[in-house]
Amino acid sequence: MTRSEILAAYRLIRAGIQRVLREAPQACGKPDLTRALRQVAPWAEGLPDQEDAAEMIMDVALFEPNQRGRRAYDRFLAGRAGRLDPPDRSLAERMGGAWFSLFRMAGRHEAAGLWLEDLLDGGRRLWLVDESLEASAPEGAVLGMRLFDAGPFHAGFGIIAPPDEFTLETCLACAERGQSLPFRQSLAATLYGDALREAAGPDAFPDLLDALAGLLGEAPAPPGEPGAEPPGGVDPLREPDAMRPAPPRSAPRSRAARRSPRPRASPPRRGGSS
């Protein structure tokens with residue numbers, strides 16, 4: 001494939017991803033969003049960029065399993081995804097295989113995009129096409145992203161969270177030893193929360209709720225469907241007491257680790273989803 005052919009295919013896939021992600025949030029109920037908000041931003045005092053923050057929380061709500069091991073995105077595939085046109089339905093199925101990991105920018109692809117190494121999967125090499133990232137990511141950079149196999153290449157959702165030094169070293173050590181990551185929440189929720197906490201400003205939390213409502217299209221789940229709010233229940237997203245700080249998300253550190261405080265995380269970056 002030539003560069004122009006690759007980019008033409010990428011732009012079609014990108015447009016399809018955006019159509020799917022406009023529909024998928026309708027599968028999220030208030031419990032899904034509350035869970036994601038508590039995982040990403042339990043401090044909940046304020047967030048920097050409402051659109052970016054809401055998309056990070058929605059990413060966790062859709063793709064990270066709840067305590068029963070179920071994903072809201074799987075409810076979407078079993079329900080509303082059936083309304084999509086066949087090409088978008090096929091793309092939505094592929095998106096269901098997305099995974100979050102730490103990727104090293106290993107170099108430019110000879111035609112278009114980037115070669116990445118999945119640092120949590122033995123350095124597995126894969127081809128990512130993302131016009132924005134291709135233009136901006138320095139070789140050797142390590143970024144946290146959720147990617148999926150789009151067919152001819154891999155694609156992502158445009159949400160990028162660079163890990164800080166402590167998180168990167170911890171993840172690499174666990175991967176080398178074949179151990180589970182020690183963070184209380186998922187890696188995605190951990191990195192998103194770190195990035196947003198560092199950049200948070202006052203009085204932004206109410207706006208975040210509005211941004212989440214916008215992603216949901218103000219359409220509550222019908223009574224009786226998964227995620228629907230029980231009759232007479234309170235809205236946990238509008239209940240301040242529900243957002244009190246949760247315990248620390250990562251496992252207790254060793255004495256040696258406590259002597260080396262974590263450096264400040266970088267603000268979240270955007271990929272090619274916009």
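Derivation of every value follows stated rules applied to the coordinates shown; laboratory data play no part. For clarity, every value in this text was computed on a predicted model and none was experimentally measured. No Cβ is skipped: glycine too gets one built from the backbone with ideal geometry, and neighbour counts run over all protein chains shown.
Rounded, prolate or oblate: which fits segment 80-196, taking a ≥ b ≥ c as square roots of the Cα gyration tensor eigenvalues, rounded meaning a/c under 1.5, else prolate when a/b beats b/c? Show your work: numbers first, answer last.
On the way: a/c = 1.88, a/b = 1.32, b/c = 1.42.
Verdict is oblate for segment 80-196.
Each of Leu191, Leu172, Leu33 was scored by other Cβ atoms within 10 Å of its Cβ. Listed from fewest to most, they are Leu172, Leu33, Leu191.
Does segment 1-148 come out rounded, prolate or oblate, given a ≥ b ≥ c as the square roots of the eigenvalues of its C-alpha gyration tensor, rounded meaning a/c under 1.5 and, failing that, prolate meaning a/b above b/c? Because a/c hits 1.5 or more and a/b fails to exceed b/c, segment 1-148 counts as oblate. Between the amide H of Leu120 and those of Leu102, distances stay under 5 Å, these residues lying 5 or more places away or on another chain, with hydrogens modeled in the peptide plane.
Given a Förster distance of 35 angstrom, what is the FRET efficiency for Asp85 paired with Leu168, based on the Cβ-Cβ distance and rounded to 0.05? All intermediate terms of the calculation are to be shown ahead of the outcome.
Details: r = 40 Å, r/R0 = 1.15.
That gives a FRET efficiency of 0.30.
In sequence order, segment 81-96 has phi-based couplings of 4, x, 7, 6, 4, x, x, 6, 4, 4, 5, 4, 4, 5, 4, x Hz under the Karplus curve 6.51 cos²θ - 1.76 cosθ + 1.60, θ = phi - 60°, and Gly or Pro positions carry x. Evaluating 6.51 cos²θ - 1.76 cosθ + 1.60 at θ = phi - 60° for every residue in segment 181-197, the Karplus couplings come out as 5, x, 6, 5, 9, 5, 4, 4, 4, 5, 5, 4, x, 4, 5, 6, 4 Hz, glycine and proline recorded as x.
What GluC sites (Glu not before Pro) in segment 1-102 are in a loop by DSSP, with at most 14 other Cβ atoms within 10 Å of the Cβ?
On the way: sites: Glu5, Glu23, Glu45, Glu51, Glu55, Glu93; in loops: Glu45.
Passing sites in segment 1-102 are Glu45.
Distant-in-sequence amide contacts of His154, defined by a placed amide H-H separation under 5 Å and a gap of 5 or more residues or a different chain, comprise Trp127, Leu128, Val129.
Ordered by the count of other Cβ atoms within 10 Å of each Cβ, fewest first, Ile159, Ile13 give Ile13, Ile159. Taking θ as phi - 60° and the Karplus parameters 6.51, -1.76 and 1.60, the scalar couplings of segment 136-149 work out to 10, 7, x, 4, x, 5, 10, 10, x, 8, 10, 10, 8, 7 Hz in sequence order, x denoting glycine and proline. Near Phe183, the amide H atoms lying under 5 Å from its own belong to Ala251; only residues 5 or more places off or on other chains count, and H is placed 1.01 Å from N.
Under the classification rounded if a/c is under 1.5, otherwise prolate if a/b is larger than b/c and oblate if not, where does segment 46-117 fall, given a ≥ b ≥ c as square roots of the Cα gyration tensor eigenvalues? Walk me through the numbers before you get to the answer.
Working: a/c = 1.86, a/b = 1.25, b/c = 1.49.
Cα axes put segment 46-117 in the oblate bin.
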